[in-house]
Structures are given as structure tokens and as C-alpha cells.
Amino acid sequence: MVTTIIFDFDGVILDSMPIRKLGFVEALRDFPQDKVDKLLKYHEQNGGLSRYHKFEYFYKQILQQPFEPSDILQLADAFSKIMKARLTDPANLIQETLEFIKKNRERYRFFIASGSDEKELRYLCDELAISEFFESIHGSPTPKIKLVEDILRKFSLPSTETILIGDAHNDFEAASRNNIAFFGFNNIELKNLGTGYIYSFESINFF
């Protein structure tokens, strides 16, 4: 029996991917376009990873040049300002997910574990008036595998009663490494991974 659901945020609760892409473009506007394009491709292939990881990847693997931690923080701060300005529109909420959460808030315990910056994530949830639905909200720079581990431990959640819903392979890995069930959503490439795939929240029936 499922008693607890851990949600990814981007692509599951909020339709934010086009805006996230724009955020990388604007934050990296001073760098060569061909290098930025490579980062955008990596971003699209690794939706569940944090911006901190992606900016480090940009320096290490794409630019192949040394950097300071402050360089990463500067880019992440620029990215966050763009997100805070653009992602607070309720129209970006994925309505079928939101309706499921509202209808089942008494049935399940809800949490968020996201690759988004934690402070920004909590700000967005407050601005979008959805914070009240979740017992706690967790984000980067802590890796998602550790976020899920921390949630399970801190709230004494039985792994056999907890599932994770996500739209990226990184979400599947986080669930697998923590021995909880995984349900893919909003990314058909995940349909054969984990316990099941959510084609629609209106018809889903968790065991």
C-alpha cells in the first residue's frame, strides 16, 4: 500500500523546461554560442541534475578550463534570478498533477525532491501557493539520491510504502538507489523503467 509520494518538481508539477532552457541561455550569454549549445543538449538529456552540476560540467567538459567555486555560484545566482522572475505564473503549473495532489492530500503524505535550487524551489512553491500540500520541500545543491535518502530517514518513511514520481532517468536512479518504487511521468522514454508509468493522473491507481 502506498502511503507517501515524493514528487520531482520540473516537468511533474511545473511545466518549466522551456523557461529553464532560456535561463541557461541568458546566464551563459557571455560565452561562445557553440559551447552554450552543447550545454543545452546536455541539459535536455539530464533533466534531473542540478544547475550546479551542469555549470561545473560546462567548465570541465565543454570549456575544458579551470574555474573557481565562485564562478559556479555566480552563474547559478544569475540563473536563479531569471527563474524567480519567470516561473511564478500559475499558468505553468501542470493542472492534472495539481488536481491529483489537491484531491488526495488527505490520503497520502506528499514531499518534493528536486534538482532545482532549494531556496528558489521553496520561493516558487510559496509564490504558486502550493507549499501547503507538502510536508517538506527539498532541492539542490544536495544530489537527488541524497535528498530522497534524507526524506526517508528524517520522516521515518517505510520504503515499501513510498514511491517517487519523476520525468527523468535521474529520478529513476534516485528511487532505485533508495529501494523505493518509481513511476515515470511526462517522458515516454521512462515507460519501461521502474514500477509503472503514469499516462494520466486521472486514471492512475497506485497499489
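A short reminder: the numbers here are calculations on the coordinates, not readings from a lab. Please read these numbers as outputs of a predicted model, since none were measured by experiment. Cβ atoms come from the backbone with ideal geometry, glycine included; neighbour counts cover every protein chain shown.
Here are a few things to note about the model shown:
- Extreme residue, surrounded by the most Cβ atoms within 10 Å (Cβ to Cβ), among residues of the range 178-193 that are of a type in the set (A, V, I, L, M, F, W, C) and not in a strand (DSSP E or B): I180
- Residue that is nearest to the chain's Cα centre (by Cα), among those in the range 1-56 that are crowded, with 17+ Cβ neighbours inside 10 Å, among the acidic types (D, E) and in a loop (DSSP other than H, G, I, E, B): D8
- Exactly one residue among I204, I130 is aliphatic (A, V, I, L, M) and closer than 13 Å to I13 by Cα, and that residue is I130.
- Extreme residue, surrounded by the fewest Cβ atoms within 10 Å (Cβ to Cβ), among residues of the range 104-140 that are within 13 Å of the chain's Cα centre (by Cα) and among the acidic types (D, E): E118
- Residues located in the range 75-103, provided they are in contact with an Asp or Glu (Cβ under 8 Å, 6 or more places away or on another chain), of a type in the set (V, I, T) and crowded, with 17+ Cβ neighbours inside 10 Å: I82, I94
- Taking the criterion of being in contact with a Phe, Trp or Tyr (Cβ under 6 Å, 6 or more places away or on another chain) and either under 14 Å from F111 (Cα atoms) or free of Cβ contacts under 8 Å to residues at least 40 places away in the same chain (or both), the residues of the range 164-189 that qualify are L164, I165, F172, A175, F182, G184.
- All of (1) more than 15 Å from the chain's Cα centre (by Cα); (2) assigned to a loop (DSSP other than H, G, I, E, B) hold for A85 with one exception: (2).
- Failed item in (1) part of a loop (DSSP other than H, G, I, E, B); (2) within 29 Å of I130 (Cα to Cα), with S80 passing the rest: (1)
- Within the range 194-207, the residues that satisfy the criterion of being surrounded by fewer than 20 Cβ atoms within 10 Å (Cβ to Cβ) and without any contact (Cβ under 8 Å) to a residue 60 or more places away in the chain are T195, G196, Y197, Y199, S203, N205.
- Among residues of the range 156-177 being within 25 Å of L93 (Cα to Cα) and of a type in the set (V, I, T), the one that is surrounded by the fewest Cβ atoms within 10 Å (Cβ to Cβ) is I163.
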